[in-house]
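The values are calculated or read from the model by the stated rules, or taken from the named source; none is laboratory data. Nothing here was measured: the structure is a model prediction, and the numbers come from that model. Note: ideal-geometry Cβ built from the backbone for every residue, glycine included; neighbour counts use all protein chains shown.
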Amino acid sequence: MAGAAVRRRPRHALKLWHRWFGLLAGLWLALLAATGIAVTFYDELDSALNADWRTVPAPARAAPVGDAVAAAGRALPGFAPDMIEIPGHEGDTLWMMGRAPVGGVPTRVQLFSDPRDGSVLGWRETGAIVFDRRHAMDIIYGLHIDLLAGPWMTWFFGLVSLLWVIDHAIAAALTFPKGMHWLRAFRIEGRRGSLKRLFDSHRAWGLWLLPVTLVLAVTGVTLSWPDDSREAVGFVSPVTGRLHESMADVPESAPAVDVDTAIARVVGEAGERVHSVRLFPDHGVYAVRTFDARDRDDQGRLWHYVAMDDGRVVGTRHDNGTTAGDEFFAWQYPLHSGKAFGLIGRLLVLLGGVVTLWLCLSGIKLWWRRRRQRI
């Protein structure tokens, strides 16, 4: 009898972990799952809500990007872009992110321009808690990243994700009781509304989608804790990082080369379609990102660094990098968003969010019903 009790102790400890992790972290996981479901189709939903900002009649000929930057400065005095996303399809608008003095305070903003003439279609403050269609998707995205609470909440979400990774291993260990054929764990039995059916549903759906939710958990850690994750991976394989991360700072001044010249220099040399331009005035370079056969998702991952003073291409690097560590991190966002596998991948991530939400709710319901039975 004593030996049997000792053998049961590890399993009892795992049950306690799984139960209390679900109760304490369930709220946060449910929030991440619910917002992640919407974020999976962020562009499509934002375009549906704000078609007048996100879409235009297909242009016959696009105006220079510099015209849009100049028009943005006139419409929103003091606006300084740090990212310009080039329309990816006919009918898309130009999307700029940067800072502008709003009410005298430097504020992160997003601005949408008509690529045909550069005119401003509209703008919004990033992270503003305004409950209307203009800000709906931006609020949901902010809730998913950091609950609109700042870096400390991003760190906390990273901790929840790390514990979720551990819980995947524990849940898998608890799934197959001794003497039960493993296939039964994937089935849902029992009459409708019964405790057995609720338990079977909780277990089976968790098993069926475990590969997807485990990927979401692991990538949730690496995306929330990028620096710590790189240090950890660095023990196994070096992580070289993007070139601008190691560039020296230079005194900021008005660029002698404009953004259109930087784009033309890259397109002329590489002949690739441009995804976006990042501006790093503190390093004196434009980073022109182009699409490449090595891309893991639909965001151009080949970076070309063009000097702002003379237009030289001072370096190029694909996000895949040169090491196994670089390759690992190149997969993180494409896997987390599902874009690594196109529409099927995004649908799997959406389903993973739905199942995670169900696991949180059904787990709490299981605990409550069992608790009531014991009373």
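General observations
- Beta carbons closer than 6 Å, at least 6 apart along the sequence or on distinct chains, pair a first residue in the range 332-343 that is within 18 Å of Leu209 (Cβ to Cβ) and modelled with pLDDT of 95 or more with a second that is assigned to a helix (DSSP H, G or I) and small (Gly, Ala, Ser) for Gly338/Gly345.
- Count of residues meeting criterion [in contact with a helix residue (DSSP H, G or I) (Cβ under 7 Å, 6 or more places away or on another chain) and within 18 Å of Ser246 (Cα to Cα)] in the range 262-284: 2
- Residues of the range 72-89 that are under 18 Å from Gln299 (Cα atoms), touching a residue at least 12 places away in the same chain (Cβ under 8 Å) and either outside any strand (DSSP E or B) or among the hydroxyl-bearing types (Ser, Thr, Tyr) (or both): Ile86, Pro87, Gly88.
- Filter result for Ala68 (touching a Phe, Trp or Tyr at 6+ places or on another chain (Cβ under 8 Å), small (Gly, Ala, Ser), buried (at least 18 other Cβ atoms within 10 Å of the Cβ) and closer than 23 Å to Gln299 by Cβ): no
- Apart from one condition, Pro238 fits all of (1) at pLDDT 95 or above; (2) within 17 Å of Met308 (Cβ to Cβ); (3) out of contact with any His (no Cβ under 6 Å at 6 or more places or on another chain); (4) not small (Gly, Ala, Ser); the exception is (2).
- Test set (1) in a loop (DSSP other than H, G, I, E, B); (2) surrounded by 12 or more Cβ atoms within 10 Å (Cβ to Cβ) - Gly22 fails condition number: (1)
- Search result, residues across the range 313-372 that are among the small types (Gly, Ala, Ser), under 26 Å from Asp297 (Cα atoms) and surrounded by 17 or more Cβ atoms within 10 Å (Cβ to Cβ): Gly321, Gly325, Ala330, Ser337, Gly338, Ala340, Gly345, Gly352, Gly353
- Yes/no for Asp67 being touching a helix residue (DSSP H, G or I) at 6+ places or on another chain (Cβ under 8 Å) and either acidic (Asp, Glu) or in a loop (DSSP other than H, G, I, E, B) (or both): no
- Met153 passes every criterion in (1) modelled with pLDDT of 95 or more; (2) out of contact with any helix residue (DSSP H, G or I) (no Cβ under 7 Å at 6 or more places or on another chain); (3) over 23 Å from Leu49 (Cβ atoms); (4) among the hydrophobic types (A, V, I, L, M, F, W, C) apart from (2).
- Members of the range 219-261 that are among the β-branched types (Val, Ile, Thr) and either outside any helix (DSSP H, G or I) or out of contact with any helix residue (DSSP H, G or I) (no Cβ under 6 Å at 6 or more places or on another chain) (or both): Val236, Val239, Thr240, Val250, Val257, Thr261
- Of the criteria (1) in contact (Cβ under 8 Å) with a residue 60 or more places away in the chain; (2) more than 26 Å from Tyr141 (Cβ to Cβ); (3) not in a helix (DSSP H, G or I), which one Leu279 fails: (2)
- Wholly enclosed strands (runs of 3 or more DSSP E) of the range 90-198 bearing at least 3 residues surrounded by 16 or more Cβ atoms within 10 Å (Cβ to Cβ) and assigned by TED's automatic domain parsing to the domain that holds Val355: none
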